[in-house]
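Colleague: Once you've had a glance at the structure underneath, I'll fire off some questions.
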Amino acid sequence: MSWFEPKAEKPAIPPAKALWAICPKCKSHMPKEEWKANNAICPKCNYHGRLSARERIAQVADEGTFSEVFREVSYSDHLGFHDASGDYRTKVEATIAKTGEKESVVMGTCEISGHKAMLGVMDFSFMGGSLGTGTGERIARACEQAIAERRPLVIFSASGGARMHEGILSLMQMAKTSAAIGRLKDAGLPYISVLTDPTTGGVSASYAMLGDINVTEPKALIGFAGRRVIENTIHQKLPADFQSAEYLEKHGFIDKIVERKDMKSFLAKMLNYWGF
């Protein structure tokens with residue numbers, strides 16, 4: 001090759017993260033196609049990875065039966081909140097554009113193996129699945145519709161807690177959703193709460209733990225405050241498995257750990273037990 005001839009361009013090599021999925025628990029690498037085909041479950045340690053709300057709905061609801069409700073209900077920015085990284089409105093609008101969702105929970109009516117239900121699924125990719133005014137309003141309205149239509153309620157939680165960009169209005173949603181679920185139970189309708197990884201903060205301290213039956217997936221992180229905060233407060237070292245699904249089941253905070261592949265049949269069995 002002569003010195004004046006242009007060099008052939010090197011073929012572009014995709015970054016590792018574009019090819020491999022890495023288990024958050026055991027750090028095993030596997031092709032992304034394998035991870036997706038296995039429903040985001042690690043074949044090495046059985047860790048159940050995070051799913052989007054739409055992926056979860058597709059796994060649980062009978063095909064063609066899910067009908068979304070309250071999609072128009074979204075966030076509020078009464079405080080005009082902003083910090084060093086920018087304003088809240090810009091951040092949440094960017095999240096809406098990226099995820100295609102308008103809030104951190106998707107609500108709708110559906111059938112689960114032929115059993116009617118009101119289904120809610122939180123999406124951690126929407127601002128950490130945080131509990132905002134729109135989230136609380138959607139859940140409260142879902143409870144009202146469930147009562148009107150005599151539907152049991154199923155909610156999959158995945159959250160980092162209250163959305164502090166909305167201040168006290170966000171914290172108010174803890175009481176609002178809890179009261180709405182109270183009215184649902186007064187109407188004689190069951191509520192099944194499924195806590196997925198992670199379910200923490202104000203969500204775990206409100207509606208996520210109020211189910212007639214509370215279940216979770218294997219190895220999910222469930223708790224209120226973070227490990228370091230608790231250890232620094234009580235000046236004690238916490239057990240290695242503290243705030244894991246297995247720890248909570250052992251100590252009576254969770255009724256059952258259910259594998260993802262068995263979740264739909266488990267929910268159908270519970271709904272059938274209640275006569276729906």
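Read the figures in this text as sums done on the coordinates, not as results from a lab. Being a predicted model, the structure only gives us computed values, none of them experimental. Cβ sites come from the backbone with ideal geometry, for glycine too, and all protein chains shown count toward neighbours.
Colleague: Once the Cα gyration tensor of the range 162-208 is found, what semi-axes does its equivalent ellipsoid get, as square roots of 5 times the eigenvalues, in whole Å, sorted largest first?
Modeller: On the way: eigenvalues 90, 45, 5 Å².
For the range 162-208, the semi-axes come out at 21, 15, 5 Å.
Colleague: Mean shadow of the range 6-164, computed from the convex hull of its alpha carbons, in nm²? Walk me through the numbers before you get to the answer.
Modeller: Numbers: hull surface 57.0 nm².
So the Cα hull casts an average projection of 14.2 nm².
Colleague: Among the trypsin sites (Lys or Arg not before Pro) in the range 221-273, which ones are in a DSSP loop with at most 12 other Cβ atoms within 10 Å of the Cβ? Mind listing them? Don't skip to the end; give the middle numbers.
Modeller: Details: sites: ARG227, ARG228, LYS237, LYS250, LYS256, ARG260, LYS261, LYS264, LYS269; in loops: LYS237.
Those that pass, being in a loop and sparsely packed, are LYS237.
Colleague: Return the ratio Rg/(2.2 N^0.38 Å) for the chain, where Rg is computed over Cα atoms only.
Modeller: In units of the globular-protein estimate, the chain measures up at 1.13.
Colleague: Sort by residue number and report every cysteine in the chain with no other cysteine beta carbon within a distance under 4.7 Å.
Modeller: So far as the 4.7 Å Cβ criterion goes, CYS110, CYS143 stand without a partner in the chain.
Colleague: Based only on Cα atoms, what mean projected area does the convex hull of the range 175-262 have, in nm²? If you can, show how the numbers build up before the last one.
Modeller: On the way: hull surface 25.8 nm².
Reported value for the Cα convex hull: 6.4 nm².
Colleague: Among LYS25/LYS250; LYS176/LYS250; LYS32/LYS261, which pairs are too far apart, with a Cα-Cα distance over 22 Å?
Modeller: Numbers: LYS25/LYS250 20 Å; LYS176/LYS250 30 Å; LYS32/LYS261 19 Å.
Over 22 Å apart, Cα to Cα: LYS176/LYS250.
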